[in-house]
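> Take this structure first; my questions come after.
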Amino acid sequence: MTGTVPKVAPRTVVVTGSTSGIGLGIARAFAAEGAHVITNGFGPSDAIEATRRELDTLGSGTVLYHGADMTKPAEIDDLIGTAVRSFGTVDVLVNNAGIQHVAKIEEFPPEKWDQLIAILLSSAFHTMRHTIPLMKKSGKGRIINVASAHGLVASPFKSAYVAAKHGIMGLTKTAALELAEFGITVNAICPGYVMTPLVEKQIPDQAREKGISEAEVKDQIMLRLQATKEFVAIEEVAATAIYLASDAARSVTGTHISIDGGWTAQ
Ligand code: NAD
């Protein structure tokens, strides 16, 4: 072989809520591609460090962990600041952190409402307001919001989640329009049911709420509208994030990609 291979600096990727589930899958995929990755989220510190080390060995980039609580704007500020101090900028921002709470509206605890809106919606505003100036400066960037089929359609007993996910769809479109001429794309991914700890935790709650068995929650509620009758794999969501961050997706902005086994086709 002749010639020189151009040296491309690794991209810096921030993935909120990446100690588990979909976020971990996305962080893993970017780490394997050779990106510098900042992971984030909660969990036992030894497990978080073991995961960070495992991800760090996957590619040529460095994987760090930051424990910012997505309900706390000052900690979100420090998360993005840490990415800049460590790697110079943020090239890809993945807003993924999430929790769920299932209850009738009249029984929904107001503090749970506030917590869900803060984690699922307001945290993305805070990560974006810090990251956008960095991306504008470098003339490129990718913002990927992990929304949900619940960003497009509703289900009963999930008022805060559905409201926040519909909200992030609006934030995605607005940011895409503001940033379209700066080489920055903003998109949402809308998964159907993916078997992660977030979903596992809902099963007993839904069973109690509806007075049915946990197996019936899976078959009659979760997979009822998922036409494939199968849970979506974490790797499918991660591969979509990798695509949205690629050059091939440079004209894809202000939209969403559904990975929901046909749920929202109905
Ligand atoms: P998960 O419970 O496996 O992971 C959630 C992550 O968010 C964890 O790392 C957790 O520590 C982190 N987190 C929670 N509260 C946080 C906080 N205050 N600050 C920082 N991090 C926090 O859940 P998941 O299923 O992987 O969900 C990830 C995202 O995907 C969420 O936004 C969720 O709404 C969305 N989603 C999930 C499904 C599904 O079926 N699992 C479907 C559609 C969309």
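> Select from region 136-168 the residues that are in contact with a Ser or Thr (Cβ under 8 Å, 6 or more places away or on another chain) and either open to solvent by 10 Å² or more (accessible area, probe 1.4 Å) or assigned to a helix (DSSP H, G or I) (or both) and list them in ascending order.
Once the filter is applied, which keeps residues that are in contact with a Ser or Thr (Cβ under 8 Å, 6 or more places away or on another chain) and either open to solvent by 10 Å² or more (accessible area, probe 1.4 Å) or assigned to a helix (DSSP H, G or I) (or both), region 136-168 yields Lys137, Ser138, Arg142, Ala149, Leu152, Val153, Tyr161, Val162, Lys165.
> Another question, if that's okay. Is it true that some residue in region 20-30 is in a helix (DSSP H, G or I), surrounded by fewer than 16 Cβ atoms within 10 Å (Cβ to Cβ) and either out of contact with any Pro (no Cβ under 6 Å at 6 or more places or on another chain) or without any contact (Cβ under 8 Å) to a residue 40 or more places away in the chain (or both)?
In the first step, residues of region 20-30 are kept if they are in a helix (DSSP H, G or I); the result is 21-30.
Those left that are additionally surrounded by fewer than 16 Cβ atoms within 10 Å (Cβ to Cβ): none.
The answer is no, given that none of the residues of region 20-30 is in a helix (DSSP H, G or I), surrounded by fewer than 16 Cβ atoms within 10 Å (Cβ to Cβ) and either out of contact with any Pro (no Cβ under 6 Å at 6 or more places or on another chain) or without any contact (Cβ under 8 Å) to a residue 40 or more places away in the chain (or both).
> Then there is this: Picking from Phe42, Phe87, which residue would you name as being more than 30 Å from Glu209 (Cα to Cα) and either among the aromatic types (Phe, Trp, Tyr) or not assigned by TED's automatic domain parsing to the domain that holds Ser155 (or both)?
Values: Phe42 fails: more than 30 Å from Glu209 (Cα to Cα).
Only one candidate qualifies: Phe87.
> Of a type in the set (D, E, K, R) and either assigned by TED's automatic domain parsing to the domain that holds Ile144 or touching a residue at least 40 places away in the same chain (Cβ under 8 Å) (or both), is that true of Lys173? Steps first, please.
Working: of a type in the set (D, E, K, R): yes; either assigned by TED's automatic domain parsing to the domain that holds Ile144 or touching a residue at least 40 places away in the same chain (Cβ under 8 Å) (or both): yes.
When the stated conditions are applied, Lys173 passes them.
> Quick one: is Ala160 out of contact with any Phe, Trp or Tyr (no Cβ under 8 Å at 6 or more places or on another chain) and modelled with pLDDT of 95 or more? Even if it seems obvious, please write down each step before you answer.
Working: out of contact with any Phe, Trp or Tyr (no Cβ under 8 Å at 6 or more places or on another chain): no; modelled with pLDDT of 95 or more: yes.
So Ala160 does not fit the description; no.
> If you don't mind, there's one more thing I want to ask. Within 11 Å of the ligand (Cβ to nearest atom), outside any helix (DSSP H, G or I) and modelled with pLDDT of 95 or more: is that true of Ala188 in this structure? Show your work before the answer.
On the way: within 11 Å of the ligand (Cβ to nearest atom): yes; outside any helix (DSSP H, G or I): yes; modelled with pLDDT of 95 or more: yes.
In short, yes.
> Next question. Looking only at region 56-68, which residues are open to solvent by less than 30 Å² (accessible area, probe 1.4 Å) and farther than 13 Å from Val13 by Cβ? Steps first, answer last, please.
Just the residues of region 56-68 that are open to solvent by less than 30 Å² (accessible area, probe 1.4 Å), to begin with: 59, 61, 63, 66, 68.
Ala68, the sole residue that qualifies.
> Within the bounds of region 198-207, is there any residue that is more than 30 Å from Val84 (Cβ to Cβ) and assigned to a loop (DSSP other than H, G, I, E, B)?
Applying the first criterion (more than 30 Å from Val84 (Cβ to Cβ)) to region 198-207 yields 199-207.
Okay, now just the ones that are also assigned to a loop (DSSP other than H, G, I, E, B), so none.
No, every residue in region 198-207 fails to be more than 30 Å from Val84 (Cβ to Cβ) and assigned to a loop (DSSP other than H, G, I, E, B).
> Here is a further query. Look through Ala47, Ala29 and report the one residue that is among the aliphatic types (A, V, I, L, M) and away from the ligand (no atom under 12 Å from the Cβ). Even if it seems obvious, please write down each step before you answer.
Working: Ala47 fails: away from the ligand (no atom under 12 Å from the Cβ).
Selected residue: Ala29, the only one of Ala47, Ala29 that is among the aliphatic types (A, V, I, L, M) and away from the ligand (no atom under 12 Å from the Cβ).
> May I ask you to list the residues in region 33-62 that are part of a helix (DSSP H, G or I) and over 19 Å from the mean Cα position of the chain (by Cα)? I'd like the intermediate steps shown before the answer.
Step one: list which residues in region 33-62 are part of a helix (DSSP H, G or I), which gives 45-56.
Once the filter is applied, which keeps residues that are part of a helix (DSSP H, G or I) and over 19 Å from the mean Cα position of the chain (by Cα), region 33-62 yields Ser45, Asp46, Ala47, Glu49, Ala50, Arg53, Glu54, Asp56.
> Can you tell me which residue is farthest from the ligand (Cβ to nearest atom) among those in region 69-97 that are in contact with a strand residue (DSSP E or B) (Cβ under 6 Å, 6 or more places away or on another chain) and within 25 Å of Leu198 (Cα to Cα)?
For region 69-97, the residue satisfying everything is Val92.
The values are calculated or read from the model by the stated rules, or taken from the named source; none is laboratory data. Please read these numbers as outputs of a predicted model, since none were measured by experiment. All Cβ positions, glycine included, derive from the backbone under ideal geometry; neighbour counts span all protein chains shown. Side chains included, ligands, DNA and RNA excluded: accessible areas come from the protein's heavy atoms. Shrake-Rupley method; radii C 1.70, N 1.55, O 1.52, S 1.80 Å.
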